[in-house]
Amino acid sequence: MLALLPYLMALAAGAMVFVIVEEVIPESQAEGNGDLATFGVMTGFALMMALDVALG
């Protein structure tokens, strides 16, 4: 179970970011662009984390 812990924590963090974007930031949901805004934030966050790991 110890080997799975980092992956499960990453899954939990991703779920929390999704909830924050979907529920707490109402400006991103304006004019029917909710799904596109959520996808943009999640993609940007994943890209930022990948670059952080890749570039050290």
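The values are calculated or read from the model by the stated rules, or taken from the named source; none is laboratory data. The model shown is predicted, which means the values in this text are computed figures rather than measured ones. We place every Cβ from the backbone using ideal geometry, glycine too, and count neighbours over all the protein chains shown. Surface areas here come from the heavy atoms of the whole protein model, side chains and all, with no ligands, DNA or RNA. Shrake-Rupley method; radii C 1.70, N 1.55, O 1.52, S 1.80 Å.
Observations, loosely collected:
- Angle in degrees between helix 5-19 and the longest Cα principal axis of the chain, rounded to the nearest 10: 10
- Between N33 and M9, the C-beta separation translates, for a Förster distance of 22 Å, into a calculated FRET efficiency of about 0.15.
- Over the chain, accessible surface divided per residue gives 82 Å², non-protein components excluded, 1.4 Å probe.
- Helix 34-55 vs. the chain, principal-axis angle (Cα, 0 to 90°, nearest 10): 30
- Within the chain, helix-based [θ] at 222 nm, where runs of 4 or more DSSP H residues each add -39,500 (n - 2.57), nearest 500: -22500 deg cm²/dmol
- More than 18 Å apart - percent of Cα-Cα pairs taken over the chain: 45
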